[in-house]
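Everything below concerns the one structure shown next.
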Amino acid sequence: MDISLRDVEKSFTGRDGQHTALAGVSIEIPSGSFVCLLGPSGCGKTTVLNLIAGFERADSGKVLVDGREIDGPGPDRVVMFQDPALFPWLSVEQNVGFPLERSALGTVERAERMHEALRVVHLYKFRNAQPHELSGGMRARAAIARALVMEPRAMLMDEPFAALDAQTRELLQTEIERVWQRTKATMVFVTHDNREAVRLATRVVVMGTRPGSVKLELDVEEDLPRPRDPLDRNVNLLVTRVQRALQAEIEKIAREESDDGKPSPSRPGRGGPDLGRDI
């Protein structure tokens, strides 16, 4: 699935008046690519995801899927959020199969899809467990299986691993990379973690804020063959480049929020996961 945002503008009205979330945003996401969106809080990453999902409409510009303007949500694009949002009264298998309840598939085909999705994420033997019996990482894998059961052409992921510990995140990064390589789906992945973005992406898009805009696009697939070692020198070089772009945005925000218009004292980050999270 090819996805295109072309000169997109999006504003919202709140108690403080109108807020411009996106201004002149253009992003090309080729079919089968893995694009990670990075940027300070409030830069419009989630808004981009919502536009692609069809949950929001652009005020101007175009949001296209395979050359056609998006007119609403569709089963070809599934969304994953930070919270797996599993129904606590259903088993893992029932949660995974829930999106198929109103489908035209027969009972046997539904079961085959559910079981295949569970096998892909290594949860088949836990199919009869309840969500409260699973670890945080296992619940995230169940949410991935629930997305896969729809056989989507695009997976839109909004910080799906943000609430997990570092070790579990690394395991799930490997898991989602394997799922992407197996399904050939187009991935759009929002994260605050520079290293996670470089670890997973074919392209990293760094966004700036006030208003939301694209500041840097970095194609990484040719420079970093897979599997990628998080400690590889070339990985670190690209993480540093992304970090510098983010640091410039953070300093801009600090200047705008300071009383005297001068930048607040800051130290360059080390490419860690949370720069800009609390801005």
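The H on the amide N of residue 33, modeled in the peptide plane, is under 5 Å from the matching H of 187, each at least 5 residues off or on a different chain. When you restrict to C-alpha pairs under 8 Å that are six or more residues apart and normalise by the size of the chain, the relative contact order lands at 24 percent.
Can you tell me, using C-alpha contacts under 8 Å and at least 6 residues apart, the relative contact order of segment 78-151 as a whole percent?
So the answer I get is 51 percent.
Between residue 229 and residue 101, the modelled labels are 4.9 nm apart [label points 7 Å from Cα along Cα→Cβ]. For the chain, the antiparallel share of DSSP beta bridges with both residues in that region comes to about 55%. Enter the Cα centre distance for the pair segment 75-102 and segment 214-257, rounded to the nearest angstrom. Spelled out, the Cα-based centre of one part sits 33 Å from the other.
Projecting label points 7 angstrom from Cα along Cα→Cβ for residue 221 and residue 236 puts them 2.7 nm apart. Taking the DSSP beta bridges with both ends in segment 60-203, the antiparallel portion is around 20 percent.
Between amide H atoms placed 1.01 Å from N, distances below 5 Å from residue 123 occur with no residue 5 or more places distant or on a separate chain. Taking the alpha carbon gyration tensor of the chain, multiplying each eigenvalue by 5 and rooting it gives semi-axes of 33, 22, 18 Å, largest first.
Under a 5 Å amide H cut-off, with hydrogens placed 1.01 Å from N, residue 212 pairs with 22, 23 among residues at least 5 apart or on other chains. 3J(HN,Hα) couplings calculated from phi for segment 92-106 with the Karplus curve 6.51 cos²θ - 1.76 cosθ + 1.60 (θ = phi - 60°) are, in sequence order, 4, 4, 5, 5, 5, x, 4, x, 8, 4, 9, 7, 8, 5, x Hz; Gly and Pro show x. A simple spin-label model places pseudo-atoms 7 Å from Cα toward Cβ; at residue 108 and residue 55 they are separated by 3.8 nm.
Using the average count of surrounding beta-carbon atoms within 10 Å as a protection proxy, the listed peptides 144-157, 225-238, 187-200 rank, highest first, as 187-200, 144-157, 225-238. In summary, the lysines within cross-link reach of residue 252, defined as a Cα separation below 27 angstrom excluding same-chain residues under 8 places away, comprise 10, 45, 215, 262. So what is the diffusion coefficient of segment 78-151 in µm² per second by Stokes-Einstein at 37 °C and 0.692 mPa s, using a Kirkwood Rh over Cα pairs? Translational D for this selection: 274 µm²/s. With 0.36 nm allotted per residue and the present C-alpha distance subtracted, the residue 135-residue 119 stretch has 4.0 nm of extension available.
Compute the FRET efficiency between residue 165 and residue 6 as 1/(1 + (r/R0)^6), taking r as their Cβ-Cβ distance and R0 = 30 Å, and round to the nearest 0.05. Once the sixth-power term is evaluated, E becomes 0.15.
Treating each Cα of segment 85-209 as an identical point scatterer and summing with the Debye formula, the log10 of I(q)/I(0) at q = 0.10 Å⁻¹ comes to -0.32.
Rule-based calculations on the coordinates, nothing more; no lab input. From a predicted model like this one, the values you see are computed outputs, not experimental measurements. Heads up, the Cβs are rebuilt from the backbone with ideal geometry, glycines too, and the neighbour counts pull from every protein chain shown.
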